[in-house]
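The structure under discussion appears below in the form of structure tokens.
None of the figures in this text is laboratory data; all of them are computed from the coordinates on show. What you see is a predicted model, and the numbers here were worked out from it, not measured in a lab. Heads up, the Cβs are rebuilt from the backbone with ideal geometry, glycines too, and the neighbour counts pull from every protein chain shown.
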Amino acid sequence: MRKIIHVDMDAFYASVEQRDDPQLRGKPVIVAWQAKRSVVCAASYEARAFGVRSAMPAMQAERLCPAAVFVPPDFSRYRAASHSVREIFQRHTDLIEPLSLDEAYLDVTENKTGLPTATLVARTIREHIRQELNLTASAGVASNKFLAKLASDWRKPDGLFVIQPADVDAFLLPLPVERLPGVGKVTSEKLAKLGIETVADLRKFDFPALEHDFGRYGLRLHELARGIDDSAVVPNRPTQSISVEDTFEQDVLLSETELMIRQLAEKLWSASRSESRPARTVILKLKTSEFKILTRSCSPGSPLFSCEQLTDIALKLRERVNLSARQRYRLVGIGLSNFRAPEDATKQPDLFRFHD
């Protein structure tokens, strides 16, 4: 049986800002460009108490928390802090799978320091992060990645939660199905129509029924409802693509998608800063009210260098959608792909590739 830890830094960007500037400690800090169409990259827990959340429009965050201190993001400092956290992880195991600058999976089934339990490893890691970096982290410990990630969120901030094998059902079954990975708004609505609101409800459905209603994802739902996740912790997994998307509360016209595209571009740019290799392709995804998916992509002649450039390309890709002006859309997404080492990023002319 594996011993997996999921470590999640608490309000990471905002915590680094508060650590490095004593005047910000104890204050509501919002990491974002204070501009009309900017979105929140991170918020301190003092700001979260007012309802401020990541990916929220900065203007909305300012209305919710007028006393907030806005700080422009400094990804070079966040990457340096993330590197220091990674060095602490490496004292215990080489099986580290980073998910972003502020979270990672660790397989400590066998650990370098000889500590007898994964719980003790997690506690030691959190203590070292606090003592050496003056930051806090939450951690979850379980027998697989799925459960460990759920556990790390259970006692945030600055918490540790352990799911013992004998306690999986007691922990998992009462949870709402929205806590399962991959269950977003659309899937949760579909599950609700089947009378499935909790994991316990989901477990009552056998695999053939789930496969009939959800296709290949039915197997994943079947396994998650039973706490099953056989995926290994894979160190140094090369990034294939990064994407973000959101579903509108009501279907909108193409001309009404600009604000969402700008918000998603900032969120995507922030997420991509943890990747050392530049992305060469930008992808715009749209889903119509009839659930038809369209994508448009562009591979510029050189790697992207700013969020503004990413936003500009995404909006230009939108102009290449040639459906009726009356067509409505339920979802928009932006992605980055074709990651290459800088030395492999040879010049090429701008190229647009379109497909439905």
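Numbers at a glance
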| item | result |
| --- | --- |
| Fewest-first ranking of PHE305, PHE339, using other Cβ atoms within 10 Å as the exposure measure | PHE305, PHE339 |
| Charged-residue dipole, Cβ positions (Lys, Arg, Asp, Glu), region 161-208 about Cα centre, Debye nearest 20 | 180 debye |
| Relative exposure of TRP154, TRP269, TRP33, judged by other C-beta atoms within 10 Å (fewest first) | TRP154, TRP33, TRP269 |
| Value of [θ]222 nm, deg cm²/dmol, for the chain, DSSP H segments ≥ 4, -39500 (n - 2.57) each, nearest 500 | -10000 deg cm²/dmol |
| Dimensionless Rg ratio for region 46-158, taking C-alpha atoms and the 2.2 N^0.38 Å reference | 1.23 |
| Extreme residue, positive dipole direction of the chain, given options LEU317, VAL52, SER84 (C-beta unit charges) | LEU317 |
| Proximal lysines relative to LYS3, as straight alpha-carbon distance under 18 Å, when same-chain residues fewer than 8 apart are discounted | LYS112, LYS145, LYS149 |
| Residues whose placed amide H lies under 5 Å from that of THR198, excluding near-sequence neighbours | VAL177 |
| Estimated D of region 13-74 in µm² per second, where Rh is the Kirkwood radius over Cα pairs and Stokes-Einstein applies at 37 °C, 0.692 mPa s | 300 µm²/s |
| Ratio Rg/Rh, restricted to region 106-253 and using Cα atoms, in which Rh is the Kirkwood radius | 1.03 |
| Spatially proximal lysines relative to LYS27 (Cα-Cα < 20 Å; intrachain offsets below 8 disregarded) | LYS156 |
| Selection from GLY333, CYS65, PRO174 lying farthest towards where the dipole of the chain points positive, charges on Cβ | GLY333 |
| Burial order of peptide ranges 49-55, 248-254 (average beta-carbon count within 10 Å, highest first) | 49-55, 248-254 |
| Magnitude of the charge dipole, the chain, Cβ model with Lys/Arg +1 and Asp/Glu -1, debye to 20 | 500 debye |
| Anchor LYS287: lysines whose Cα lies under 24 Å away (excluding residues fewer than 8 positions away in-chain) | LYS185, LYS190, LYS193, LYS267, LYS316 |
| Packing-based exposure ordering (other Cβ within 10 Å, fewest first) of MET59, MET9, MET1, MET260 | MET1, MET59, MET260, MET9 |
| Value of Rg/Rh across the chain [Cα atoms, Kirkwood radius] | 0.97 |
| Region 241-355 - charge dipole about Cα centre, Lys and Arg +1 at Cβ, Asp and Glu -1, debye rounded to 20 | 340 debye |
| Per-selection Rg to Rh, region 52-94 - Cα, Kirkwood hydrodynamic radius | 1.23 |
